[in-house]
Amino acid sequence: MVTLKGKNIYLRALEPEDLDFVYIVENDEQIWEMSSTQTPYSRFLIKEYLENSHKDIYEVKQLRLVICSNDHATLGLIDLFDFNPMHNRAGVGVLIAEKENRGKGYGAEALELIVNYGFTHLHLHQLYANISEDNETSIKLFENRGFNKVGVKKEWNRVKDVYKDEFLYQLVYVH
């Protein structure tokens with residue numbers, strides 16, 4: 001699919017072979033704050049998730065794609081979540097798994113691809129992102145793609161006994 005192919009990366013569906021990668025990502029406590037996760041996931045649960053990942057976004061209300069380099073290295077994940085076809089909107093989240101792959105433009109390219117896919121193929125009217133007040137990398141990523149900060153959820157997330165604000169970013173499709 002040309003929509004999901006960029007200059008340096010491409011996005012693909014989850015495969016059973018992604019079990020180890022997804023297991024490592026989902027059990028990385030350093031990123032639990034971004035996903036509001038508090039408990040580890042078993043290989044069994046992730047295997048079950050992968051077996052059902054083929055289901056249609058209209059049925060499960062989410063789409064997770066793998067971010068791959070052109071030499072087929074697995075770099076991260078990008079998600080559309082809370083897909084709402086009635087209101088033509090969805091949330092979006094991006095994760096580049098390894099620190100050495102961050103800051104190289106992979107996340108920006110993946111975000112560009114998923115935005116184009118959402119507006120072109122899913123006919124979305126808007127995408128949104130929830131970003132912690134101190135996640136400067138994500139704030140910069142989404143602002144550079146044209147997302148606007150439209151709200152602040154005060155003291156929204158508790159992280160190690162500290163309450164952090166969460167920003168709401170939105171990109172509305174202009175015809």
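The values are calculated or read from the model by the stated rules, or taken from the named source; none is laboratory data. Small disclaimer: the values here were computed from a predicted structure and weren't measured. Backbone-built Cβ (ideal geometry, glycine too); neighbour counts: all protein chains shown. Just so you know, the surface numbers come from the protein's heavy atoms only, side chains and all, with ligands and any DNA or RNA stripped out. Shrake-Rupley method; radii C 1.70, N 1.55, O 1.52, S 1.80 Å.
Ligands, DNA and RNA excluded, the heavy atoms of E136 present near 140 Å² of accessible surface to a 1.4 Å solvent probe.
The average projected area of segment 47-175, computed from the convex hull of its Cα atoms over all directions, is 9.5 nm². The local environment of E155, defined by Cβ-Cβ distances under 11 Å, has a net charge of +1 under the rule Lys, Arg +1 and Asp, Glu -1. The packing ranking, built from the mean of other Cβ atoms within 10 Å per residue, places the peptides 109-118, 86-95, 13-22 in the order 109-118, 86-95, 13-22, highest first. Computed over segment 40-81, the alpha-carbon pair-distance distribution with 10 angstrom bins reads 25, 46, 29, 1, each value a whole percent. Based on DSSP H segments of at least four residues, each scored -39500 (n - 2.57), the chain has a per-residue ellipticity at 222 nm of -7500 deg cm²/dmol. Only lysines eight or more places from K55 in sequence, or on another chain, were considered; those with a Cα closer than 16 Å are K47. In the full protein context, segment 51-101 carries 52 Å² of accessible surface per residue, based on a 1.4 Å probe and ignoring ligands, DNA and RNA.
Placing unit charges on the Cβ atoms of the charged side chains and taking the dipole of the chain about its Cα centre, the candidate lying farthest along the positive direction among H72, Y128, V172 is V172. By the combined test of axial Cα extent (at least 18 Å) and Kyte-Doolittle hydropathy (mean at least 1.0), none of the DSSP H helices of the chain qualifies. Think of the chain as a dipole: +1 on every Lys or Arg Cβ, -1 on every Asp or Glu Cβ, centred on the Cα centre; then among N27, N116, I57, N116 lies furthest on the positive end.
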